[in-house]
Amino acid sequence: AQLIGQPGRGVPIIASILNITRMHNSVNAISMMRRGIAIARDYAHRRSVFGRLLSDLPLHLSTIAEMEVQMRGSMQLLMHVCLIMGRIETGKASKDDEALMRILTPLIKLYTAKQAIAVCSESIECLGGVGYMEDSDMPRQLRDAQVLPIWEGTTNVLAMDVWRPIQTHDAFNVLARDVTSRLSAADKASAAVAGLAVVTETLQKHMAELAQFVQQSTSSMDTETIAASARRFAFSLTKVYVGSLLVEHAAWSKKETDTFTAQSWCSAQGGFGLGLDSVVAGDESRRRLERALALDLDEHGAPRGCGHMGPDKCPRAK
């Protein structure tokens, strides 16, 4: 064994490696989500129920669309954290970037790991009994997903890790300013994008509620309250941050499906209380947009991949 660095400084030295391995964990989690969705999507074009393909059943499409929203939100967060990590590794990061990296690393790892299990489980259900059979390879993927919230720090460990940079590097206030700035810029850019204004307003409201909780907890230094609420706080903070990224993306792309994704992200977080069902498009429009998300259709309604084709017509299958 060879000593690296000074004795007693092991954690600071290995911290950068921990960031990378936790990012790798998130990449793996999102990859598993994407694979599960791709298999469920492909199967929907082949399996018939009650005389109709699953790809023609609104309820089945709504289920896959919800999985797609979770994957897209997680992907936005991953790409954003990778961008910050790139700035740090190239010496172009600001102090705010460094503070964000300290708080976002445990957040992305704990959130994507848990979502991978949920999405992989749902993808098995999308295949019915076939998905439960071992030779479908879906059970193995679910078992593999289960390790994601365990190694590189369990969910509870990571939830407490979130509070360390809040107390030592003012990371929450940095993150709150980042969210506020992003939502303000998106609000100005999205004047012509219907449906984003209410989403932005609601995200700002819940960001303020989280800020109030942090202020009360840190001023009183009530460690018991912090510990008891750490897990719920971490998930809520992640959901708001991802929501701001989705709003920013929708304002930039001005695509209807991206706006719907941002709306659905907030609407789907019932436990968090965002409750934006009232602003989601009406039934007919919602079914059309859910179909676009579930089947990965472009703005013209054409498939972006070739999962709807047979293996004899798919270029990638040849």
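The values are calculated or read from the model by the stated rules, or taken from the named source; none is laboratory data. Predicted model, so just to flag it, every value in this text is computed and none were measured. Positions of Cβ are backbone-derived with ideal geometry, glycine not excepted, and every protein chain shown enters the neighbour counts. What goes into the accessible areas is simple: the full protein's heavy atoms, side chains included, and nothing from ligands, DNA or RNA. Shrake-Rupley method; radii C 1.70, N 1.55, O 1.52, S 1.80 Å.
Got a number for residues in the stretch 45-63 being assigned to a strand (DSSP E or B) and of a type outside the set (K, R)? Quick ask: steps written out before the conclusion?
The initial filter retains those residues of the stretch 45-63 that are assigned to a strand (DSSP E or B), namely 48-49, 52-53.
Next, only the ones that are of a type outside the set (K, R) stay: 48-49, 53.
The number of residues fulfilling the criteria is 3.
For the stretch 35-44, check the following and say yes or no: at least one residue is assigned to a helix (DSSP H, G or I), among the hydroxyl-bearing types (S, T, Y) and open to solvent by 10 Å² or more (accessible area, probe 1.4 Å). It would help to see each step written out before you state the result.
Applying the first criterion (assigned to a helix (DSSP H, G or I)) to the stretch 35-44 yields 35-44.
Okay, now just the ones that are also among the hydroxyl-bearing types (S, T, Y), so 43.
Next cut, open to solvent by 10 Å² or more (accessible area, probe 1.4 Å) only: 43.
Within the stretch 35-44, one or more residues are assigned to a helix (DSSP H, G or I), among the hydroxyl-bearing types (S, T, Y) and open to solvent by 10 Å² or more (accessible area, probe 1.4 Å).
Sort out which residues of the stretch 17-33 are aliphatic (A, V, I, L, M) and open to solvent by 30 Å² or more (accessible area, probe 1.4 Å), and write them in order of number. Spell out the reasoning first.
We begin by selecting, within the stretch 17-33, every residue aliphatic (A, V, I, L, M); these are 17-18, 20, 23, 27, 29-30, 32-33.
If the condition is that a residue be aliphatic (A, V, I, L, M) and open to solvent by 30 Å² or more (accessible area, probe 1.4 Å), then I17, L18, I20, V27 are the ones that fit.
With the checklist (1) in a helix (DSSP H, G or I); (2) at pLDDT below 85; (3) not small (G, A, S) in hand, flag the one item E290 doesn't pass. Result: E290 fails condition (2) only. With respect to the numbered conditions (1) out of contact with any Ser or Thr (no Cβ under 7 Å at 6 or more places or on another chain); (2) open to solvent by less than 70 Å² (accessible area, probe 1.4 Å); (3) within 23 Å of L289 (Cβ to Cβ); (4) not hydrophobic (A, V, I, L, M, F, W, C), which one is the sole condition not fulfilled by E66? Just one mismatch for E66, condition (2).
Restricting to helices (runs of 4 or more DSSP H) lying wholly in the stretch 88-196: which have 2 or more residues that are open to solvent by 10 Å² or more (accessible area, probe 1.4 Å) and charged (D, E, K, R)? Spell out the reasoning first.
Details: elements: 95-126, 129-132, 138-146, 155-161, 163-169, 171-189.
Ranges flagged: 95-126, 138-146, 171-189.
The residue that is farthest from M221 (Cα to Cα), among those in the stretch 135-160 that are of a type in the set (D, E, K, R) and at pLDDT 95 or above, is R140.
Regarding the stretch 74-82, can at least one residue be identified that is small (G, A, S), out of contact with any Lys or Arg (no Cβ under 7 Å at 6 or more places or on another chain) and surrounded by fewer than 17 Cβ atoms within 10 Å (Cβ to Cβ)? First the steps, then the outcome.
Taking the stretch 74-82 first, the residues small (G, A, S) are 74.
Next, from what is left, pick out any that are out of contact with any Lys or Arg (no Cβ under 7 Å at 6 or more places or on another chain): 74.
Retained after the next criterion (residues that are surrounded by fewer than 17 Cβ atoms within 10 Å (Cβ to Cβ)): none.
Checking the stretch 74-82: not a single residue is small (G, A, S), out of contact with any Lys or Arg (no Cβ under 7 Å at 6 or more places or on another chain) and surrounded by fewer than 17 Cβ atoms within 10 Å (Cβ to Cβ).
When the stretch 225-257 is limited to residues that are polar (S, T, N, Q) and open to solvent by 10 Å² or more (accessible area, probe 1.4 Å), the one that is farthest from V174 (Cα to Cα) turns out to be T257.
In the stretch 1-19, which residues are in contact (Cβ under 8 Å) with a residue 60 or more places away in the chain and hydrophobic (A, V, I, L, M, F, W, C)?
Applying the first criterion (in contact (Cβ under 8 Å) with a residue 60 or more places away in the chain) to the stretch 1-19 yields 18-19.
Within the stretch 1-19, L18 is the sole residue that qualifies.
Can you pull out every residue in the stretch 284-301 that is free of Cβ contacts under 8 Å to residues at least 40 places away in the same chain and of a type in the set (D, E)? Across the stretch 284-301, the qualifying residues are E284, D298. Checked against (1) at pLDDT 90 or above; (2) assigned to a helix (DSSP H, G or I); (3) open to solvent by 10 Å² or more (accessible area, probe 1.4 Å), T218 passes all but a single condition, namely (1).
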